[in-house]
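Novice: Pasting a structure below so you can have a look.
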Amino acid sequence: MSVERNSAVGEQPSAKTKKAAKGSNGKPESRLAMVRRARRINRELAEVYPYAHPELDFRNPFELLVATVLSAQTTDLRVNQTTPALFARYPTPEDMAAAVPEELEEIIRPTGFFRAKTKSLIGLSSALCDRFDGEVPGRLADLVTLPGVGRKTANVVLGNAFGVPGLTVDTHFGRLVRRWKWTEQEDPEKVEAEIAEIFPKSEWTMLSHRVIFHGRRVCHSRKPACGACPIAHLCPSYGEGETDPEKARALLKYEMGGYPGQRLNPPAGYPGKPAPARVE
Ligand code: SF4
């Protein structure tokens with residue numbers, strides 16, 4: 001489970017947290033300074049992305065669970081373009097549990113790994129019907145017993161469909177928190193445990209959205225747009241990407257770059273355009 005002792009700035013570092021960033025005096029950054037800097041990044045990201053939200057379209061916990069399983073190894077956009085037909089055909093766990101695998105495969109084919117995902121979806125729908133009265137459970141310990149549902153998926157569902165705080169350590173989250181020297185861990189569960197010590201639980205879900213938003217729009221894996229990054233002054237990895245402001249601006253994605261977002265039905269307040277419904 002994630003660790004909840006976190007509200008006091010300056011707690012002792014866990015044994016594995018390294019002081020990798022440099023302070024203004026050139027000395028290694030202290031734990032206290034790192035925690036303060038981390039919380040400042042979170043506050044500034046909240047100002048940059050006041051509209052941060054889950055980028056999967058869903059109307060209930062079951063739809064979010066299914067969409068999250070489908071989102072492995074593909075974009076949320078591709079999932080959002082696929083799920084309207086899927087949920088029209090199989091609106092409930094009962095319907096999906098009884099699906100003919102080949103028919104379900106055909107619908108979710110654009111999301112990739114469609115045979116394995118079909119197995120997971122039918123398996124988890126059957127488990128929901130058999131063990132949870134056809135309802136998605138609101139506890140992590142129950143969610144991770146469902147086929148194809150790991151800790152990351154469970155936290156997404158808990159945080160966004162049940163209001164239970166959760167950290168979503170996906171590829172973006174892991175990459176950014178390492179660039180920011182909040183942790184050096186590579187294993188998602190260890191990353192989750194260390195980040196949980198830096199932030200109060202009440203921040204976990206929105207922090208996850210903000211960090212993932214920033215990773216998708218600005219701090220990309222291969223070419224981070226450092227020269228157009230609103231939190232560059234707080235980032236020990238500034239310069240890892242493009243620093244020329246104009247070239248960096250050209251790297252920005254989604255609403256930050258003036259393009260549509262990933263959701264077909266974005267929440268109110270989203271400043272970008274909705275995604276196109278077409279599956280290419
Ligand atoms: S300065 Fe560069 S590496 Fe740091 S957060 Fe911004 S884009 Fe990422």
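Novice: Mind jotting down the distance between the C-alpha centroids of region 139-206 and region 95-130, whole Å?
Specialist: Using only Cα atoms, the two centres lie 25 Å from each other.
Novice: Could you put Arg39, Arg78 in order, starting from the residue whose Cβ has the fewest other Cβ atoms within 10 Å?
Specialist: Listing Arg39, Arg78 from fewest to most nearby Cβ atoms yields Arg39, Arg78.
Novice: Something else now. For the chain, report the convex hull volume of the alpha-carbon atoms normalised per residue, in Å³, without decimals.
Specialist: Taking the convex hull of the Cα positions in the chain, it is 125 Å³ per residue.
Novice: Further question: With each run of n ≥ 4 DSSP H residues scored as -39500 (n - 2.57), what mean residue ellipticity at 222 nm is computed for the chain after dividing by its residue count and rounding to the nearest 500 deg cm²/dmol?
Specialist: That comes out to -13500 deg cm²/dmol.
Novice: Please build a GNM for the chain, connecting alpha carbons under 10 Å apart, and tell me which residue among Thr171, Thr111, Thr183 fluctuates the most.
Specialist: Between Thr171, Thr111, Thr183, it is Thr171 that shows the largest mean-square fluctuation.
Novice: On to the next question. How do Leu124, Leu77 line up, fewest other C-beta atoms within 10 Å first?
Specialist: Result, fewest neighbours first: Leu77, Leu124.
Novice: Normalised by the number of residues in region 51-96, what is the relative contact order in percent for Cα pairs under 8 Å and 6+ residues apart?
Specialist: Once normalised by length, the contact order is 35 percent.
Novice: Another question, if that's okay. Quick one: putting +1 on the C-beta of Lys and Arg, -1 on the C-beta of Asp and Glu, what dipole do you get for the chain around its Cα centre, in Debye to the nearest 20?
Specialist: Value, rounded to 20: 1300 debye.
Novice: Are there trypsin sites (Lys or Arg not before Pro) in region 109-159 that DSSP puts in a loop and that have at most 14 other Cβ atoms within 10 Å, and which ones?
Specialist: Arg139
Novice: Between Val144 and Arg115, what length comes free when the chain is fully extended (0.36 nm per residue of separation minus the Cα-Cα distance, one decimal in nm)?
Specialist: In short, 8.4 nm is gained.
Novice: In this model, which of Lys223/Lys273; Lys190/Lys273; Lys119/Lys223 are farther than 27 Å apart at the alpha-carbon?
Specialist: Those over the limit are Lys190/Lys273; Lys119/Lys223.
Novice: Would you mind counting up the charge near Val164? Only other residues with Cβ under 11 Å from its Cβ, with Lys and Arg at +1 and Asp and Glu at -1.
Specialist: In short, +2.
Novice: Let me ask something additional. Give the order of His214, His233, His53, His209 when sorted by the count of other beta carbons within 10 angstrom, beginning with the fewest.
Specialist: Fewest-to-most ranking of His214, His233, His53, His209: His233, His53, His209, His214.
Where a number appears in this text, it was derived from the coordinates with a stated rule and is not lab data. What you are looking at is a predicted structure, and each value in this text was computed from that prediction instead of being measured. A quick note on method: Cβ atoms are made from the backbone with ideal geometry, for glycine too, and the neighbour counts reach across all protein chains shown.
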